[in-house]
Amino acid sequence: MDVAILGGGYSGLWTAYYLLQADPSLEVAIVEAEICGYGASGRNGGWCSTRYPLHPHVLEARYGAETARETILAMYQTVDEVGRVCAEEGIDADFRMNGILSLARGEAQVAAVRAAHAAYDRLGFGAGNLLLGEAEARERVNVVGIKAALHTPRSAAVQPARLARGLARAVERRGAAIYERTKVTRIRTGEDAALETDRGVVRARRAVVAAGEAYLPEVPGFGRALVPMSSSIVLTAPLSERQWAEIGWQGGEGLGSQAHTVDYLTRTPDGRILYGSRGAPYLFGSATTGGDAAFERTSEDMRRQLCGWFPVLQDVGFTHAWHGFLGVSRDWNANVVFDRGRRLAALYGYTGRGVSTTNLAGRLLSSMLLDRETPLSRLPLARGPSPRWEPEPLRWLGIRYVQHAMKRMDDARDSGRAPPADAGLARRLGDQ
Ligand SMILES: Cc1cc2nc3c(=O)[nH]c(=O)nc-3n(C[C@H](O)[C@H](O)[C@H](O)COP(=O)(O)OP(=O)(O)OC[C@H]3O[C@@H](n4cnc5c(N)ncnc54)[C@H](O)[C@@H]3O)c2cc1C
């Protein structure tokens, strides 16, 4: 093979797709432990959004206004590119340009929405990120406590698993070999570059690519590159016409509030509500198995929370609940790295923003692997690797403390109390 890729999620699939588009004669293999789309790519909330993993004000503060602008522009183009490929390759992923409404639920959240709008405006994206007052926002969706919203029309939504499966078929059509149910046990680098698996060895003349995202810490060499964070989803039964009439939400925008613990809602094409939240607590040693009781408790809390958004759902049935793991790097930045000497490349750390960002990362990495100049190499995701996470038990202690503090901060804000005394510390440790 020329390139051997660990992981059949969007990262691995987009990398293969653009490699083969640029040079159809390349030999590319993808090795996937389960099936393509088994990881976050097949089970996410479906927001194919213009949001980069770092907030616009953080991009601006860290990299300067020009780079922040280039990054946001690249994200807009990325959303269009995902839609273009779906159309061109006949991928039936329900790609729809429904936009996003980032809501202020309660007066205490209004400042955060205004600040986000101000940052976009400063960077020249004010016209594409509109500040809506209470009445205008409520006209779009009747959420309890809604006070304002940031409306981003040029964001999309997809059916995530269909995107992953459709992409897998597209890269196979272009000649890639996909080995499913094959686990990589070790990555060999240098002249001997190869993926050692439980079913044999896949050698790579040009590079091996680590595209295992939240599961990467289990692979030797990536133990502290990122941490897996759980994210949970509950799905309602299809709503009745009466329930939809009460809720509104005819535009089907992605909805989220300013909660520190994160929430995201998607209206599915078959008339259900998908409600997602940062899920169960971090597991010691960056584990991605165990903690089932915590997942069950989280789902139960989320069913209750959704009724807090829309009281008309008091008796709604919930048909599905699941969780998955997303990857977070130490500075919350996405990473696309290629060490030519070691013939080792990696792309990871999209937080909860990978549906679109993986496409950008895959395009960038394919250019890097082919030694082709690209303006994308000026973007923050090419400036890694991020600093490593702390060793255990410090990592567990720090992350668990921040997760607990974020929950206390949300509780205080929701009930109109002052933030906890340690809110500043928690933000310094846990925010981007
Ligand atoms: C519940 C949830 C909701 C989310 N919602 C959104 C959203 O709405 N919008 C958004 O932008 N992002 C969202 N995300 C994040 C987004 O889904 C991810 O950023 C993106 O899918 C990452 O793609 P990936 O290919 O890098 O990783 P993954 O899809 O996780 O793929 C990694 C693959 O590597 C395989 N693998 C790992 N180790 C090995 C090994 N040793 N050998 C072989 N194969 C291996 C895994 O089986 C997996 O299939 C969400 C994530 C979750 C979990």
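For residues in segment 202-219 being within 22 Å of Glu180 (Cβ to Cβ) and in a loop (DSSP other than H, G, I, E, B), which is farthest from the ligand (Cβ to nearest atom)? For segment 202-219, the residue satisfying everything is Ala204. Here Val141 does not qualify as buried (at least 22 other Cβ atoms within 10 Å of the Cβ) and in the same structural domain as Arg353 (by TED's automatic domain parsing).
Would you confirm, using the coordinates I've provided, whether Leu255 is part of a helix (DSSP H, G or I) and in contact (Cβ under 8 Å) with a residue 60 or more places away in the chain? Quick ask: steps written out before the conclusion?
On the way: part of a helix (DSSP H, G or I): no; in contact (Cβ under 8 Å) with a residue 60 or more places away in the chain: yes.
Considered against the rule, which asks whether it is part of a helix (DSSP H, G or I) and in contact (Cβ under 8 Å) with a residue 60 or more places away in the chain, Leu255 comes out as no.
The set of residues from segment 9-24 being part of a helix (DSSP H, G or I) and either among the hydrophobic types (A, V, I, L, M, F, W, C) or buried (at least 24 other Cβ atoms within 10 Å of the Cβ) (or both) comprises Tyr10, Ser11, Gly12, Leu13, Trp14, Thr15, Ala16, Tyr17, Leu19, Leu20, Ala22. The sole residue among Asp92, Asp80 that is within 29 Å of Gly271 (Cα to Cα), more than 14 Å from the ligand (Cβ to nearest atom) and part of a loop (DSSP other than H, G, I, E, B) is Asp92.
List the number of the failed condition for Leu381; all other conditions in (1) more than 22 Å from Met229 (Cβ to Cβ); (2) assigned to a helix (DSSP H, G or I) hold. Failing condition for Leu381: (1).
Restricting to segment 187-208, name every residue that is aliphatic (A, V, I, L, M) and either out of contact with any Gly (no Cβ under 7 Å at 6 or more places or on another chain) or under 24 Å from Ser277 (Cα atoms) (or both).
Taking segment 187-208 first, the residues aliphatic (A, V, I, L, M) are 187, 193-195, 201-202, 204, 207-208.
Those that are aliphatic (A, V, I, L, M) and either out of contact with any Gly (no Cβ under 7 Å at 6 or more places or on another chain) or under 24 Å from Ser277 (Cα atoms) (or both): Ala193, Ala194, Leu195, Val201, Val202, Ala204, Ala207, Val208.
Where strands (runs of 3 or more DSSP E) fall entirely within segment 113-189, those with at least 2 residues that are more than 16 Å from the ligand (Cβ to nearest atom) and closer than 30 Å to Gly324 by Cα are at 146-152. Here His57 meets the list (1) more than 23 Å from Pro228 (Cα to Cα); (2) within 16 Å of the ligand (Cβ to nearest atom); (3) not in a loop (DSSP other than H, G, I, E, B) almost entirely, failing just condition (2).
The values are calculated or read from the model by the stated rules, or taken from the named source; none is laboratory data. As the structure is a prediction and not an experimental result, all values here were calculated from the model. With ideal geometry, Cβ positions are generated from the backbone for all residues, glycine too; neighbour counts draw on all protein chains shown.
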